[in-house]
Amino acid sequence: MDMLKISHVAKHFGKNQVLKDVSFDLAPNKIYALLGRNGAGKSTLLSIMIDALRADQGTIKMGDQPIKDNDALLGKIYLMSSESSLDNVMFQRYLKLKDIFKTNESLYGGFDWDTAGQLANEFGISLDVAYSKLSTGQKTMGKLILALCLPVDYVFLDEPVLGLDANHRDRFYQELLKSYSQRPRTFVISTHLIDEIDQLVEHVLVLDEGRIEVDQPTDALLDQCFLVSGPVKAVDEYIHDLRVIHHQTLANIKTAYVFGKLNDRQEIPDTVKVEHYDLQHLFMYITNDRGLQNA
């Protein structure tokens, strides 16, 4: 399994430049999060990565081969999307789920029918029902079953839990980990429900204003997330010269979100508390204008 390399990708829609010199690598057998605010270009980027949309510049390679018009390489990648256009193309309304699966089995050269049947049973959907008859959540489940059961090396999940309740979302994450452990491959999860995947993903990519702002392993990233709280004067003195991406004050108590290394030579005052914060808050504050300006 070769690395997928995204190099200097840019994309315009009219005068709007959605992607600006985007570069990163996807390693084999790893679970990634691709995070970004609405309109950041995540879906556009994923579409370019499966050659469904052409970039204005840049390349996507698997190993040393471009994926452009390369059916052999494109057959190793699958994008599960919530976009309605996918419904119109891949999930034609008159087809039953089992027929959709059969069509994709012929396209991708295989399909795990045993797992598909097990998942359909667990999630309470019938493979003999026409896709158009399914609820929004059931359609999502059908797409997720397909994504987990195809013999591909790269699985891109764009807002994969649309319409699922909390129990079904949790069950899906469990099934994804089970599938990953049984047959390792690379997953890229793009979602706004960051707090639900922060214990799942191994590497975080943050796309903001058309560029990759963060590209780090999850553990290393969270090790740099410090929540500093205490009396305003003491906190201000302690966070001087640190990278503060957000702060708030209530009465005389100040809370500062620091991203980066602390000053090891600076002693933490007795009145100041330092702890870690989560991926959700890091994403929220590092992608707002004030956070980036203060960073």
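In the set 268, 212, 189, which member is open to solvent by 30 Å² or more (accessible area, probe 1.4 Å) and in a strand (DSSP E or B)?
That would be 212, the only listed residue that is open to solvent by 30 Å² or more (accessible area, probe 1.4 Å) and in a strand (DSSP E or B).
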> In segment 115-152, what residues are outside any helix (DSSP H, G or I) and buried (at least 20 other Cβ atoms within 10 Å of the Cβ)?
Replying inline: 150
> Which of the residues belonging to segment 18-42 are part of a strand (DSSP E or B) and open to solvent by 70 Å² or more (accessible area, probe 1.4 Å)?
Replying inline: 21, 25
>> Just to be sure I understand the filter: pairs with C-beta atoms under 7 Å, separated by 6 or more residues or on different chains, first member in segment 206-223 and within 15 Å of residue 284 (Cβ to Cβ), second member hydroxyl-bearing (Ser, Thr, Tyr). Which pairs pass?
In response: 206/287; 208/287
>> Given the criterion without any contact (Cβ under 8 Å) to a residue 60 or more places away in the chain, open to solvent by 10 Å² or more (accessible area, probe 1.4 Å), in contact with a Phe, Trp or Tyr (Cβ under 9 Å, 6 or more places away or on another chain) and not in a loop (DSSP other than H, G, I, E, B), identify the matching residue among 172, 226.
In response: 226
> Which members of segment 175-185 meet the condition of being among the basic types (Lys, Arg) and in a helix (DSSP H, G or I)?
Replying inline: 178
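Could you please let me know if residue 276 is open to solvent by 10 Å² or more (accessible area, probe 1.4 Å), closer than 30 Å to residue 176 by Cα and in contact (Cβ under 8 Å) with a residue 24 or more places away in the chain? Walk me through it before giving the result.
Numbers: open to solvent by 10 Å² or more (accessible area, probe 1.4 Å): yes; closer than 30 Å to residue 176 by Cα: yes; in contact (Cβ under 8 Å) with a residue 24 or more places away in the chain: yes.
So residue 276 passes the test.
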>> Go through (1) at negative phi; (2) open to solvent by 60 Å² or more (accessible area, probe 1.4 Å) for residue 251 and report which single condition fails.
In response: (1)
> Would it be correct to say that residue 255 is out of contact with any strand residue (DSSP E or B) (no Cβ under 6 Å at 6 or more places or on another chain) and part of a strand (DSSP E or B)?
Replying inline: no
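The values are calculated or read from the model by the stated rules, or taken from the named source; none is laboratory data. Given the structure is predicted, the values throughout are model-derived calculations rather than measurements. Note that we place each Cβ from the backbone using ideal geometry, even for glycine, and neighbour counts take in every protein chain shown. Accessible surface is based on the protein model in full, side chains and every heavy atom, while ligands, DNA and RNA are left aside. Shrake-Rupley method; radii C 1.70, N 1.55, O 1.52, S 1.80 Å.
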